[in-house]
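Worksheet: the structure to be examined is printed underneath.
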2 protein chains.
Amino acid sequence: MDASRPFFSTPQEAEAAFYDARERADIEALMTVWADDEEIVCIHPGGPRHAGYTAVRESWRQIFAGTRATVRTSHTHAIQGVLISVHSLHEHSMGPGNRPTRQPVIVTNIYMRGPLGWRLLVHHASFAPATAEPGARPTLLH
Amino acid sequence: MDASRPFFSTPQEAEAAFYDARERADIEALMTVWADDEEIVCIHPGGPRHAGYTAVRESWRQIFAGTRATVRTSHTHAIQGVLISVHSLHEHSMGPGNRPTRQPVIVTNIYMRGPLGWRLLVHHASFAPATAEPGARPTLLH
C-alpha cells in the first residue's frame, strides 16, 4: 500500500483518519483524506467557503499554524449510500482536563467512493448555539 | 399528479421548489420538498441541529412566523451522483430596493433520489463572514 495514499474501505475509516490527522495537525495525512479534485468544499466555523484542493489545503495550513486543539466528536448520524455517505455530527474542542473549551461545532461531512476508496468531498462546520443542547434555543431567521 | 406530493425529476427542480416555498413562507409546499423520513437534518444559521421530519417542520414553522425575507441564491456548485446530489451555494436575504440585508449565508443542500423523485435530505446553513467575498478573511480555528 502506498502510505501517501491510504485506501479507506468505508467512510468511517476515512472519517477516523480525518480526525486523527487533525489531532496531530498533520497536513499531509489530512489532505490524503480529501478527494483530490477541484470539487471539494470546506467551510470552517464562521469562515467563508473554500473550494478546490489548493484553497482547502491552505485553509487547514492556517488552522494548523494556530493553537493546537484536541477535537472529539459525538452525535454522529450517518446516511450511507452506495457512492456517497453523509455524516452529521458534533465536534468538541477539548482543553486541559478534557473539558470543552467552547460551544460545539455542528458538522456535515460528505464522503464519496472512488477508485481509491472513500474520500472526503465536503466539510461544512458551524458553531452551535453557545448555550445548549440541540433544540434548546429558538433558531435564527434565514 | 398529486399536488400535495409533486415529483421532482432533478435535484434542481427540488431546489427551485424549496426556495419558492421559502419566498412564499408556505410550510406545506416546503415540507413536500423534504424527504419524508427520520434521517433528515436541518441547521439554520447560528442554530442547533434539527433531526427528523417533525423537528425540521417545527423549525421552519418558527421561521415563517417571523419576519418575511426574500432569499436569493448565488455561487451554486453542484456535485451530482446517481442517487445523491450535493449543492453548495450562498443565500442572500434581500430587503427593500433588492439590497442584501446582512451577510450571505453559506449553504450545503443534499438531495436524494427516491421513488417520489428527488427530495431534500440535509440543509446546513451558516453565516459567512460579514465583511466579504469567500477567502477574503482568515478562517477561524476549529
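Quote the charge dipole size of the range B:6-75 about the Cα centre in Debye, to the nearest 20; the model charges only the Cβ of Lys and Arg (+1) and of Asp and Glu (-1). Spell out each step's value before the answer.
Values: 7 positive and 11 negative charges, 85 e Å.
Dipole magnitude for the range B:6-75 comes out near 400 debye.
Which loop GluC sites (Glu not before Pro) in the range A:1-51, with loop taken from DSSP, have no more than 16 other Cβ atoms within 10 angstrom of their Cβ? Walk me through the intermediate numbers first.
Numbers: sites: A:Glu13, A:Glu15, A:Glu23, A:Glu28, A:Glu38, A:Glu39; in loops: A:Glu38, A:Glu39.
Taking the range A:1-51 and a limit of 16 other Cβ atoms within 10 Å, the loop GluC sites (Glu not before Pro) found are A:Glu38, A:Glu39.
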Could you work out which residue, out of A:Gln12, A:Gln103, A:Gln62, moves most in a Gaussian network model of chain A, that is, has the largest mean-square fluctuation with Cα springs under 10 Å? A:Gln62
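If the only charges are +1 at each Lys and Arg Cβ and -1 at each Asp and Glu Cβ, what is the size of the charge dipole of the protein assembly as shown around the Cα centre, to the nearest 20 debye? Provide the component values of the computation, followed by the final result.
On the way: 26 positive and 28 negative charges, 175 e Å.
Dipole magnitude for the protein assembly as shown comes out near 840 debye.
Within 10 Å of each candidate Cβ there may be at most 16 other Cβ atoms; applying that plus a DSSP loop requirement, which trypsin sites (Lys or Arg not before Pro) in the range B:1-86 survive? Don't jump to the answer; show the numbers that get you there.
Details: sites: B:Arg22, B:Arg24, B:Arg49, B:Arg57, B:Arg61, B:Arg68, B:Arg72; in loops: B:Arg68.
Loop-located and lightly packed - B:Arg68.
Rounded to the nearest 500, what is the 222 nm mean residue ellipticity of chain B from helices alone, with -39500 (n - 2.57) per DSSP H run of 4+ residues and division by all residues?
Per the formula, -7500 deg cm²/dmol.
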Which value in Å does the Kirkwood hydrodynamic radius of the range A:19-142 take, with 1/r averaged over all unlike C-alpha pairs and then inverted? 15.5
Using the Kirkwood formula on alpha carbons, the hydrodynamic radius of the range A:13-90 in angstrom works out to 13.5
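In µm²/s, what is D for the protein assembly as shown at 10 °C and 1.306 mPa s, where D = kT/(6 pi eta Rh) by Stokes-Einstein and Rh is the Kirkwood radius from Cα pairs?
Values: Rh = 19.3 Å.
The diffusion coefficient I find is 82 µm²/s.
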Listed residues B:Ile63, B:Leu116, B:Ile40: farthest to the positive end of the dipole of chain B (Cβ charges): B:Ile63
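Could you give the length gained on full extension between A:Gln12 and A:Glu28, defined as 0.36 nm per residue of separation minus the Cα-Cα distance, in nm? Intermediate values should be presented prior to the final figure.
Working: separation 16, 0.36 × 16 = 5.76 nm, distance 1.92 nm.
Residue separation times 0.36 nm, minus the Cα-Cα distance, leaves 3.8 nm.
Remind me, relative contact order of chain B in percent, using alpha carbon pairs under 8 angstrom and six or more residues apart?
Working: 249 pairs, mean separation 34.1, N = 142.
Here the relative contact order equals 24 percent.
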Along the charge dipole of chain A, Cβ charges K/R +1 and D/E -1, which of A:Pro104, A:Ala51, A:Ala16 sits furthest on the positive end? A:Pro104
Per residue of the range B:34-43, in order, report the coupling 6.51 cos²θ - 1.76 cosθ + 1.60 (Karplus, θ = phi - 60°) as ³J(HN,Hα) in whole Hz, putting x for Gly and Pro. 6, 4, 8, 8, 7, 8, 5, 9, 9, 10
What FRET efficiency, computed as 1/(1 + (r/R0)^6) with R0 = 25 Å and r the Cβ-Cβ distance, is obtained for B:Val71 and A:His75, rounded to the nearest 0.05? 0.35
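Quick note: the coordinates plus some simple rules give every number you see, no bench work behind them. Computed from a predicted structure; not experimentally measured. Every residue, glycine among them, receives a Cβ derived from its backbone with ideal geometry; neighbour counts consider all protein chains shown.
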